[in-house]
Amino acid sequence: MSETIEAIGKTRIYFELHTYHGSYWMCARITDDLEEAEAGARNAQADKVGFGVRIARCTEYEDYGHVSRTILSRTLWRDGMVDPAIPLIMPVPGGDGLCRVPSDLRGDRAREIIATSLQRYMDDNRLTPLELLHSEAHALRLNDAGTTLQGALQKAAINQVQGSDVPVQRRFKELLALADQLLGELRADAKKAPVLACVSGGYGSQCAGLEAKHGTAASYHIFRALALYLADSKGWIGKLDALGHLVEEDLPARFVMPIDAILAEIVNATTTPNELTGPEHSDRLTQIRALVDLHAGRYEPPSNRASDGIRALNWLISRGQCPRTRSTIERRVVRELTNLAPLKAERALWNQAQTLHLLMELFRKTPPLADDIEMLETLEQRALRLINPESVTEAISQCRLPSEKVRTLVRIVDLMPYVASKAKMTEFVRAAWSPDDLVRESGGKDRPAALPVLVGMHRDVAGADMDADTKARLLGDLDATLLDIIRIDVLNAPNRSFMDRILQLMKLCAASPLPEGKARACAVEAVGRAVNSPEFLEPFMKRFKAEAERKQALLSLRTLLKTSGLASR
């Protein structure tokens, strides 16, 4: 077992089948067999269970109490986008998922509701739900903050009783009583079981001491010590730095878990991306890149905030010891991509396509982001929304020549992230495609002068990432046009000698080497026959009087033949 595997503790990989029901996903099956999950998905689709189905590969981290999910496939049979914030409901026998006792408030789903209901307050105070739920001072401050708590509880009560016959006011009173109980427990624990704030270099030993004293309840008291430690940190970056200073090389997974949990809630805060990229206003692309870099453990804070704490945190994340944080970042990035606002200020199709291409490459370098089908489909949907006649017309509005228009469109196809967006963009390439226009553009009546443009276009299309059928058709059109010019306008040009035609062909191909295809095969055959024929060599040699001139001419001819790429051997 490697050091990294030991560091993250015991894990288990399995698969879940989820069905979509409009406002939530429901876990319908859990299995260790992917084929069984896929068969279940096919049956759900055939029976039209809900509005869609998906399969998730799950990694359970036992010491973290966390399951990370990568969506491997998703099929929807109801039109419209699926909000990535829609919750996943795990059936609990005999329970409705509502909080009944103070400890329920510390569960994952409850903390998400707290973060949403108290978003403004939490953001303004740079406070995470875990800190709030484990600190007497924070809880008391919220309780005294006018009607803030009551408003949040009212909002939560309304959401929780939807679809039931439970009165809102009754649920509101239950939540209010629950909040009072939580505050009472925190006050009591502060007196009977006080903890000291964590200190750099002593976090591991403090956790071990609390574990020896409190046993299975140790994590609760570790969170209390962390909340006390973070109370004086300034801003999200300050808290990241403070958490990093607690990192030790040999921390067991169960002691890293509290750090990971708080870090995940920091990442999920609305204002975090702004702070990750510094005080200067930055576009959403820069913010997403900062989140992805943090996911990979390569985040670099603003120049004036670099610290050993951040570097230590990067080290911890890169070792895979913060699975909850990584899961949160993955879902956060999907949410950011779903936002309809532009990722960069430049709204032009070309700029947005470059942005999507950059993100695609970034995801590929940051597993498992490029493995998650929801991530990819969200990126694809953004690309598809960008492509329309108006945006394409604007993209080529500054292009004067047909070749510039086609080349611009081909490059945009190349930048598009996935199959559907490439196919949609390729339709506009086909509409603008005319080899005859390319010839007229630079050749006019002298059609051989168009060879550089045609060869350059062939190179661009060949290197573009587009569907094979379209690429084959476009390259075939270009090859046919090149062949036509070589046969008619070069090899059969009127009023020119055979020698001059062959020399012109070699010079044209030396300036613009022909790609593989029928045109090149024709040129190779014609030149190969000519250089071994008296019909070409004798008139060529007669041009030179002295022996030295002939030798130099033959040397120049050999160089030209080599440069043209038409030498048959």
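The values are calculated or read from the model by the stated rules, or taken from the named source; none is laboratory data. Note that the structure is a prediction, hence the values are computed from the model and not measured. Counting neighbours? That spans all protein chains shown, and the Cβs are built from the backbone with ideal geometry, glycine included. Calculation scope for accessible area: heavy atoms of the full protein, side chains included, ligands and nucleic acids excluded. Shrake-Rupley method; radii C 1.70, N 1.55, O 1.52, S 1.80 Å.
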Binned at 20 Å from zero, the C-alpha pair distances of the chain give percents of 17, 38, 24, 15, 6, 1
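Round to the nearest 0.05 the FRET efficiency obtained for Asn143 and Ala217 when R0 = 22 Å and r is the Cβ-Cβ distance.
Working: r = 24 Å, r/R0 = 1.09.
E between Asn143 and Ala217, to the nearest 0.05, is 0.35.
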Of every Cα-Cα pair in segment 405-523, the percentage lying beyond 18 Å is 51 percent
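Before I look further, what does segment 392-477 give for accessible area per residue, probe 1.4 Å, in whole square angstrom? Please list the in-between numbers first.
Details: 4050 Å² over 86 residues.
Per-residue value: 47 Å².
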For the pair Asp308 and Thr75, the simple spin-label estimate (label points 7 Å beyond Cα toward Cβ) gives in nm 5.6 nm
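How much space per residue, in cubic angstrom, does the convex hull of the C-alpha atoms of segment 42-110 take up?
Working: hull volume 9.6 nm³, N = 69.
In segment 42-110, the Cα convex hull volume per residue is 140 Å³.
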Once phi for every residue in segment 215-228 is put through the Karplus expression 6.51 cos²θ - 1.76 cosθ + 1.60 (θ = phi - 60°), the whole-Hz ³J(HN,Hα) values, with Gly and Pro written as x, are x, 5, 8, 4, 4, 4, 6, 5, 4, 4, 5, 5, 4, 5
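So what is the relative contact order for segment 364-470, in percent, with contacts set as C-alpha pairs under 8 Å and at least six apart?
Details: 87 pairs, mean separation 28.4, N = 107.
Here the relative contact order equals 27 percent.
Over the chain, what percent of the accessible surface lies on carbon and sulfur atoms, probe 1.4 Å?
On the way: 14310 of 27910 Å².
After summing per-atom areas, the C and S share lands at 51 percent.
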The answer for segment 328-368, accessible area per residue at 1.4 Å probe in Å², is 45 Å²
For the chain, the longest principal axis of the Cα atoms and the Cα long axis of helix 308-318 enclose an angle in degrees, to the nearest 10, of 70 degrees
What the Cα atoms of segment 91-212 span along the principal axes, largest first and in whole Å, is 52, 37, 25
Segment 286-388: Kirkwood hydrodynamic radius (Cα pairs, Å) comes out at 14.5 Å
Rounded to the nearest 0.05, FRET efficiency between Asp460 and Asn388 (Cβ-Cβ, R0 22 Å) equals 0.40
Here, Ser103 and Glu62, labelled 7 Å along Cα→Cβ, have an inter-label distance in nm of 2.1 nm
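About the Cα centre, and with charges only on the beta carbon of Lys, Arg (+1) and Asp, Glu (-1), how big is the dipole of the chain? Nearest 20 debye, please. Walk me through the numbers before you get to the answer.
Values: 74 positive and 75 negative charges, 344 e Å.
Around 1660 debye, computed over the chain.
Stretched out fully, how many nm does the piece from Gln398 to Arg12 gain, at 0.36 nm a residue minus the Cα gap?
Values: separation 386, 0.36 × 386 = 138.96 nm, distance 5.60 nm.
Extra length from Gln398 to Arg12 when fully extended: 133.4 nm.
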For the chain the mean separation of alpha carbon contacts under 8 Å (6+ apart) over residue count, i.e. relative contact order in percent, is 9 percent
With Cα coordinates, the longest principal axis of the chain makes an angle with the long axis of helix 168-192, in degrees rounded to 10, of 70 degrees
Note, segment 544-553: 3J(HN,Hα) by Karplus (6.51, -1.76, 1.60, θ = phi - 60°), whole Hz, Gly/Pro = x, goes 10, 7, 7, 4, 5, 5, 5, 4, 5, 5
One point scatterer per Cα, no solvent, Debye formula: log10 I(q)/I(0) for segment 19-162 at q = 0.09, 0.22 Å⁻¹ comes out as -0.38, -1.41
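At a Förster distance of 51 Å, what's the computed FRET efficiency of Ile158 paired with Asp371, Cβ-Cβ distance as r, to 0.05? Before the final figure, lay out each step's value.
Values: r = 37 Å, r/R0 = 0.73.
FRET efficiency, Ile158 to Asp371: 0.85.
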Sorted largest first, the Cα spans of segment 453-569 on the principal axes come out in Å as 57, 26, 23
Log10 I(q)/I(0) at q = 0.15, 0.21, 0.22 Å⁻¹ for segment 170-300, from Debye over equal alpha-carbon scatterers, is -0.85, -1.21, -1.26
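Would you work out the charge dipole size for segment 110-245 about its Cα centre, treating the Cβ of every Lys and Arg as +1 and the Cβ of every Asp and Glu as -1, and quote it to the nearest 20 debye? Mind showing how you got there, number by number?
On the way: 15 positive and 14 negative charges, 25 e Å.
Taking the Cα centre of segment 110-245 as origin, the dipole is about 120 debye.
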Counting only DSSP loop positions in segment 405-494, the trypsin sites (Lys or Arg not before Pro) whose Cβ has at most 10 other Cβ atoms within 10 Å are Lys445
Tilt, helix 468-484 to longest principal axis of the chain (alpha-carbon atoms), in degrees rounded to tens, equals 20 degrees
Too long for a 18 Å Cα-Cα cut-off, among Lys507/Lys542; Lys424/Lys471; Lys422/Lys471, are Lys507/Lys542
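Please report the net charge: other residues with Cβ closer than 10 Å to the Cβ of Asp460, K and R +1, D and E -1. List each step's numbers first, then the result.
Numbers: positive: Arg407, Arg411, Arg459; negative: Asp414.
It works out to a net charge of +2.
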Expected vector for segment 373-379, Karplus 3J(HN,Hα) from phi with 6.51, -1.76, 1.60 and θ = phi - 60°, integer Hz, x for Gly and Pro, equals 5, 5, 4, 5, 5, 5, 5
